[in-house]
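Beneath this line is the structure, given in structure tokens, with notes to follow.
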Amino acid sequence: MTAGLTLRTEGRMPALDGATGWLNTEPLTPDMLRGRVVLVQFWTYTCINWLRTLPYVRAWNDGYADRGLVVLGVHTPEFSFERDIGNVRDAVESMRIRYPVALDSGYAVWEAFANHYWPALYFVDATGRIRHHAFGEGDYDRSEQVIQQLLDEAGLTATDRPVVPVTAEGAEVAADWDDLATGETYLGYARGGDSASPEPPAPGSRRYTVPARLRRNQWALSGSWSIGSEAVVLDEAGGGIAFSFHARDLHLVMGPVARGGSARFRVRLDGRPPGDAHGVDVDDEGNGVLTEQRLYQLIRQPLPVADRRFEIEFDDPGVLATVFTFG
């Protein structure tokens, strides 16, 4: 990898005093970080786009921390349950995040950076100036080149190192963009999650049914659910969700309504157990258990990808389901 990018100054690194808490570190300030190259990443732990960048950020932390790089994750929640510090702490542990994390539940750090995206990367040089940014997935070689160049500028030589090795598994694997024809779909009413169930959504608990046919990208509830602005909540055992989709991977952000709860579920693909199309959170018979509020990978179908009908049924009530994502 060869340095030599033209990097302009985009402003000073803002203060971090709006953080509502810290994980893996004592509170940090820009002055404390002076002399180090800082990579700031805004994230929220159920975001599939962020999850697919995580293997790279972990690898950069592992590969360059000894040369003077500080990776700083700023966790700014998208959903209300992501404000729960216990949920974030569990995610940090299970995802092997060893670098400092600022909790930004009040969006103060997000606003100080004038940020608008998950994920977002800001590259800060050793003098505290923001020199580059990257939004969304991809462009990883360039991002690593920026890290190397800023370390070189600071006299913390890094361009003698090869590109760091990156290993991705489960939901962290890059999307199959060529076969991705179904987009992120929110289930709560605030973000346009219109169900194809023939019963119109209404406040409070109501029974819903799935029509015999769903067109591609349509979904529907079955059983007794309460529909809220952010999510749907299963009120009685036996309810489920059906979705007609076209993608290699299907994920569902869901969990028990109450922390510490659990619920058993079964997944079907075109009416049958998923077999070798099962995701990491179910077995080949489609069985799984949700025990925490997070993203669950339910389907990873082998090529060729085709239109498929997905169904999930829950054996226990008290399930909160928020958004489908695909890859």
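The values are calculated or read from the model by the stated rules, or taken from the named source; none is laboratory data. Just so it is clear, the structure is predicted and the values come from calculations on it, not from any experiment. Quick reminder, even Gly has a Cβ in these numbers, built from the backbone with ideal geometry, and neighbours come from all protein chains shown. All accessible areas refer to the heavy atoms of the entire protein, side chains included, with ligands and DNA or RNA removed. Shrake-Rupley method; radii C 1.70, N 1.55, O 1.52, S 1.80 Å.
For first residues located in the range 79-107 and more than 15 Å from Thr46 (Cβ to Cβ) and without any contact (Cβ under 8 Å) to a residue 12 or more places away in the chain, partners that are surrounded by 21 or more Cβ atoms within 10 Å (Cβ to Cβ) and of a type in the set (S, T, N, Q) and lie 6+ apart or on another chain with Cβ distances below 7 Å do not occur. Meeting the requirement of 2 or more residues that are among the basic types (Lys, Arg), the strands (runs of 3 or more DSSP E) wholly within the range 279-327 are 294-300, 308-314. Take the conditions (1) of a type outside the set (Ser, Thr, Tyr); (2) touching a His at 6+ places or on another chain (Cβ under 7 Å); (3) modelled with pLDDT under 95; Gly261 misses just one of them, which is (2). Starting from residues that are of a type in the set (Ser, Thr, Tyr) and surrounded by fewer than 16 Cβ atoms within 10 Å (Cβ to Cβ), keep the ones in the range 125-159 and report whichever is modelled with the lowest pLDDT. By that ranking, first place goes to Thr159. Scanning the range 62-87 for residues that are open to solvent by 10 Å² or more (accessible area, probe 1.4 Å), among the charged types (D, E, K, R) and at pLDDT 95 or above yields Asp62, Glu78, Arg83, Asp84.
Collect the residues in the range 131-179 that are among the basic types (Lys, Arg) and in a loop (DSSP other than H, G, I, E, B), keeping them in residue-number order. Across the range 131-179, the qualifying residue is only Arg161. Has the range 291-299 got at least one residue that is surrounded by 15 or more Cβ atoms within 10 Å (Cβ to Cβ) and among the charged types (D, E, K, R)? The answer is yes, given that some residue of the range 291-299 is surrounded by 15 or more Cβ atoms within 10 Å (Cβ to Cβ) and among the charged types (D, E, K, R).
Quick grid of which residues meet (1) of a type outside the set (Gly, Ala, Ser); (2) surrounded by 14 or more Cβ atoms within 10 Å (Cβ to Cβ); (3) closer than 29 Å to Phe326 by Cβ; (4) in contact with an Asp or Glu (Cβ under 9 Å, 6 or more places away or on another chain):
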| site | (1), (2), (3), (4) |
| --- | --- |
| Leu23 | yes, yes, no, no |
| Asp31 | yes, no, no, no |
| Trp43 | yes, yes, yes, no |
| Trp50 | yes, yes, yes, yes |
| Trp60 | yes, yes, yes, yes |
| Arg89 | yes, yes, yes, no |
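Of Phe326, Phe243, Phe265, all but one fail to be in contact (Cβ under 8 Å) with a residue 24 or more places away in the chain, surrounded by 22 or more Cβ atoms within 10 Å (Cβ to Cβ), more than 20 Å from the chain's Cα centre (by Cα) and under 24 Å from Ala190 (Cα atoms); the exception is Phe243. Number of residues in the range 246-262 that are touching a strand residue (DSSP E or B) at 6+ places or on another chain (Cβ under 7 Å), open to solvent by 10 Å² or more (accessible area, probe 1.4 Å) and closer than 18 Å to Ile48 by Cβ: the value is 1.
Scanning the range 212-256 for residues that are under 28 Å from Val173 (Cα atoms), out of contact with any helix residue (DSSP H, G or I) (no Cβ under 9 Å at 6 or more places or on another chain) and not in a strand (DSSP E or B) turns up Arg215, Arg216, Asn217, Gln218.
Applying the set (1) more than 22 Å from Leu33 (Cβ to Cβ); (2) not in a helix (DSSP H, G or I) to Thr127 leaves exactly one unmet item: (1). Could you list all residues from the range 36-86 that are of a type in the set (Asp, Glu) and under 18 Å from Thr159 (Cα atoms)? Across the range 36-86, the qualifying residues are Asp62, Asp66.
One residue stands out among those in the range 272-290 that are open to solvent by 60 Å² or more (accessible area, probe 1.4 Å) and free of Cβ contacts under 8 Å to residues at least 12 places away in the same chain: the one that is farthest from Pro256 (Cα to Cα), which is Arg272.
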